[in-house]
1. If you check Ala166 against the conditions, is it of a type in the set (Gly, Ala, Ser), closer than 25 Å to Leu25 by Cβ and buried (at least 17 other Cβ atoms within 10 Å of the Cβ)?
2. (1) under 30 Å from Gly40 (Cα atoms); (2) surrounded by 19 or more Cβ atoms within 10 Å (Cβ to Cβ): which one isn't true of Gly124, the others all being true?
3. Would you call Arg168 in contact (Cβ under 8 Å) with a residue 12 or more places away in the chain and part of a loop (DSSP other than H, G, I, E, B)?
4. Checking Pro23 against (1) in a helix (DSSP H, G or I); (2) at pLDDT below 95; (3) not acidic (Asp, Glu), which test does it fail?
5. Has region 103-114 got any residue that is buried (at least 21 other Cβ atoms within 10 Å of the Cβ), in a loop (DSSP other than H, G, I, E, B) and free of Cβ contacts under 8 Å to residues at least 40 places away in the same chain?
6. Scan region 2-20 for residues that are part of a strand (DSSP E or B), within 26 Å of Ile50 (Cα to Cα) and either free of Cβ contacts under 8 Å to residues at least 24 places away in the same chain or of a type outside the set (Lys, Arg) (or both) and jot them down.
Amino acid sequence: MKLEIHRWLYHIDQTQAGDDPGPVLRKAAIVAVLKNPYAGKNVNDLTELIQASESVGQAMACAVQSTMRGYEIQSYGKGGVVGLLGEQEHANALLTTTFANPVREAVGGAKAWIPSMTKRATPGSTIDVPLAHKDALYVRSHYDGVTLTLHDIPAPDEVALIIAVANRGRIHSRVGGLHVDDIHGQDGLT
């Protein structure tokens, strides 16, 4: 199966840090819109869809890198919105490890799983894509998200896949927990 991206959307949100000692907070989200090959069909085995998602993950990984324009990526998340002729499971099949590994490589070999959100919806819906640190889940400063309104997508036979990233934790984060400097050498699940 070959999946083709027929539309790209880019969202960039850059916030000045003000009196926070860190750099600006740059968040980016990339949306790839594709035709859902299983729209309107009852397909039990989604293996072919999972395998085909790798090329989409590679394309989105390249798009994320160029959108961040040199900012180091420290946190990430993924999401999917399926048009009403599809199932939520179609987005989940497209966002498995097969899709995600190229993204992990693009952000420097990330160790942690990528938090996600999927749903079925009509054009004009919103989705909150969660963010977490790419190497350790318990870095509380990086618990964040990107909210997107998908004005005219997905069509009933489309799937919108999303990768969201940020270059740092929240501005003025101060709820404790594991610090970015403490995670060197730990596995992503600590």
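1. Values: of a type in the set (Gly, Ala, Ser): yes; closer than 25 Å to Leu25 by Cβ: yes; buried (at least 17 other Cβ atoms within 10 Å of the Cβ): yes.
So Ala166 fits the description; yes.
2. Only one criterion is unmet by Gly124, namely (2).
3. On the way: in contact (Cβ under 8 Å) with a residue 12 or more places away in the chain: yes; part of a loop (DSSP other than H, G, I, E, B): yes.
Yes.
4. Condition (1) is where Pro23 drops out.
5. Checking region 103-114: at least one residue is buried (at least 21 other Cβ atoms within 10 Å of the Cβ), in a loop (DSSP other than H, G, I, E, B) and free of Cβ contacts under 8 Å to residues at least 40 places away in the same chain.
6. Keep residues of region 2-20 that are part of a strand (DSSP E or B), which gives 5-15.
Adding the requirement that they be within 26 Å of Ile50 (Cα to Cα) leaves 5-11.
Ile5, His6, Trp8, Leu9, Tyr10, His11 - these are the residues of region 2-20 that are part of a strand (DSSP E or B), within 26 Å of Ile50 (Cα to Cα) and either free of Cβ contacts under 8 Å to residues at least 24 places away in the same chain or of a type outside the set (Lys, Arg) (or both).
Okay, residues lined up against (1) surrounded by 22 or more Cβ atoms within 10 Å (Cβ to Cβ); (2) assigned to a helix (DSSP H, G or I); (3) out of contact with any Leu (no Cβ under 9 Å at 6 or more places or on another chain):
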position: Ala52; (1), (2), (3): no, yes, no
position: Ala61; (1), (2), (3): no, yes, yes
position: Gly79; (1), (2), (3): yes, no, no
position: Lys119; (1), (2), (3): no, no, yes
position: Leu148; (1), (2), (3): no, no, no
position: Ile153; (1), (2), (3): no, no, no
position: Pro156; (1), (2), (3): no, no, no
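The values are calculated or read from the model by the stated rules, or taken from the named source; none is laboratory data. Predicted model only: the values in this text are computed from it and were never measured. When we count neighbours, we look across all protein chains shown, and the Cβ atoms used for this are built from the backbone with ideal geometry, even at glycine.
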